[in-house]
Every structure is written in C-alpha cells, then in structure tokens.
Amino acid sequence: MGDILITEALTRRYGSLVAVDRLDLRVAPGERRAVIGPNGAGKTTLLDLVAGAIRPSRGRIRFDGQDISGYGPARRARLGIGRIHQRPAVWPSLTTLDNVAVAAARRRGGVGRSRRPAIELLDRLGLAEHAGVEAARLSHGQRRQLEIAMALAGEPRLLLLDEPAAGLSAVEFERLGAVLRDLPEGMTVLLVEHRLDLVYAFADVVTVLRDGQYVATGTPDEIRVSHVVRQAYSGAVA
Ligand SMILES: Nc1ncnc2c1ncn2[C@@H]1O[C@H](COP(=O)(O)OP(=O)(O)OP(=O)(O)O)[C@@H](O)[C@H]1O
Ligand SMILES: [Mg+2]
C-alpha cells in the first residue's frame, strides 16, 4: 500500500518569509508521525496546508492517492482529514455534548439519534461530568480535550494535532497520553508538540523543522541523540 500523505516541494510564503520551504514528506497509513521544531519552524503552517485552511504558494499535497492541493477544508474533512487547532476551536454556546454530537453529525451528514458514541468519547477524554455545560464555561485544558473528542467523533483517517498537550494539567496530560495510545491502529496521526516526552513516547517517526526548513527525519531514538537536531534547537525557545 502506498503512503497516505505525501507532500511534494510544499511551500508557503508570507511576503518574503518562507514559512514552509519545499517540504517533501511521506507518511505511511497508520503511522504516528511527530513534527517538532522551535517556535516559527512552520509546524502549524504545515498542518494548515494539509487541512486546507491555507493554500500552498508552491508544491502539492496528495492524500490517499488523490491530489487534494486544490480542495477546500470541508472537502478534505469529508475525505477523512480531521484536526485540532493550536487554539482550541469549539462552539462556545453549545454544551460539551452537543459540540461532539454536531461534529459527529457533520461527518455522517446528518444528526444521529444516538448520543451514546458522543458520551463515550467525552468519558474517554474525562469530560463526561461536563456534558451538559456550555463549552464557553470549560477551562482551557477542557476545551482542548473537547476539541480532541470532536475530531475523533469525525472518525478521521488522518488526524492532525497541533500542540494537544499545551495548557493541560498533569492529570489531563496523563489522560491525553492514554487517549493517543488507544487511537485506532489504522488512524494516521500527524502530531505537532513541544512536549518531547510525549512525542518520543507516541511517535513511530519524528520530523524536525526549523525556520521552514526540513532538518531531519528519524525514529525517536535517532532524533533524541541527533547532533543536527540539537543544533536546530540551540538558541531557540521551545
Ligand atoms: N498569517 C501569517 N502571516 C504572516 N506570517 C505568518 C502567518 N502565519 C505564520 N507566519 C509566520 O510563519 C512562520 C511559521 O509559523 P508557524 O505558526 O507555522 O510556526 P510554528 O512552528 O507552528 O511555531 P509555534 O511552535 O510557535 O507554534 C513564523 O515565522 C510565523 O511568524
Ligand atoms: Mg504552531
């Protein structure tokens, strides 16, 4: 079977700044791939490009054999690309449960009768007791976990996670680790994360970026001891 996600010379410019520079990535189906690098490396820009939130200045993106470079975000979501944002995006005036139910309905193309899958997801994310609470009243960490529940409700084939551990309490962080470990085997995951303990525990393969440039790809063991990776991080605020 071919790679599920391929980027070819993927490039995004902002004026004279090259946020992502001719990036060639190949991610296998079911792979857990982490993308790390200092602030401004282009990690969020990469996820935005794959999700279709922004368009490439150059280059292509292939998903499951299709060139999706010209597709909008909704079409990519229907193909099975799900994501969570660096700043959690939820519907603040809906309850926690309704946020997940709506996310699930969007995927299926209609509102389902049963709320049980949504309740089970909330339970896994530790949000069951907040099911009836307006999302606006949740803490930052809870909103982040809610967004993960919403993404999972869409049963994505490719899940894009932008700093899921940011702002979580120690308990929430532990739970996130368990949720990531328990993701369906066939789900491909692209994880952007500054918490390297989580990255090394979760990822099969790690790609390092800096200033939009590709630095290295390797197993967690290779990346942990890599000289070029240390250099990429040196002097940078991570
Ligand atoms: N809309 C935009 N307009 C102009 N420049 C942008 C825009 N979005 C991102 N950039 C720039 O592109 C570069 C890459 O940004 P990006 O957000 O992808 O980095 P990142 O690796 O996600 O960093 P962080 O770890 O801080 O989240 C940065 O220099 C950033 O300032
Ligand atoms: Mg970012």
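The values are calculated or read from the model by the stated rules, or taken from the named source; none is laboratory data. Not measured: the values here are computed from a predicted model. Note that each Cβ is placed from the backbone with ideal geometry, even for glycine, and that neighbours are counted across all protein chains shown. Just the protein is used for accessible areas: all its heavy atoms, side chains included, with ligands, DNA and RNA removed. Shrake-Rupley method; radii C 1.70, N 1.55, O 1.52, S 1.80 Å.
Side notes on the structure shown:
- Any hit, region 61-75, residues being part of a helix (DSSP H, G or I), in the same structural domain as Gly141 (by TED's automatic domain parsing) and away from ligand 2 (no atom under 13 Å from the Cβ): no
- Which numbered condition Pro73 misses (of (1) under 30 Å from Asp221 (Cα atoms); (2) within 17 Å of the chain's Cα centre (by Cα); (3) of a type outside the set (Phe, Trp, Tyr)): (1)
- Total residues in region 4-24 satisfying the condition of being among the hydroxyl-bearing types (Ser, Thr, Tyr) and within 16 Å of ligand 2 (Cβ to nearest atom): the figure is 1.
- Within region 42-73, considering residues that are buried (at least 17 other Cβ atoms within 10 Å of the Cβ) and away from ligand 1 (no atom under 16 Å from the Cβ), the one farthest from Val205 (Cα to Cα): Tyr71
- If you check Arg87, Arg26, Arg106 for being charged (D, E, K, R), without any contact (Cβ under 8 Å) to a residue 40 or more places away in the chain and out of contact with any strand residue (DSSP E or B) (no Cβ under 8 Å at 6 or more places or on another chain), only one passes: Arg87.
- Residue count for region 167-207 satisfying the condition of being under 15 Å from Val27 (Cβ atoms) and either of a type in the set (Lys, Arg) or assigned to a strand (DSSP E or B) (or both): 8.
- Matching residues, region 182-238, being basic (Lys, Arg) and either in contact with a helix residue (DSSP H, G or I) (Cβ under 8 Å, 6 or more places away or on another chain) or within 14 Å of ligand 2 (Cβ to nearest atom) (or both): Arg195, Arg210, Arg224
- Restricting Ala201, Ala166, Ala136, Ala149 to those that are small (Gly, Ala, Ser) and buried (at least 18 other Cβ atoms within 10 Å of the Cβ) reduces the list to Ala149.
- Criterion applied to Arg157, Arg210, Arg143 was being crowded, with 20+ Cβ neighbours inside 10 Å and either at pLDDT 95 or above or in contact with a Leu (Cβ under 8 Å, 6 or more places away or on another chain) (or both), and the one residue passing it is Arg210.
- Annotation: Asn39 fulfils all but one of (1) within 16 Å of ligand 2 (Cβ to nearest atom); (2) open to solvent by less than 70 Å² (accessible area, probe 1.4 Å); (3) part of a loop (DSSP other than H, G, I, E, B); the unmet one is (2).
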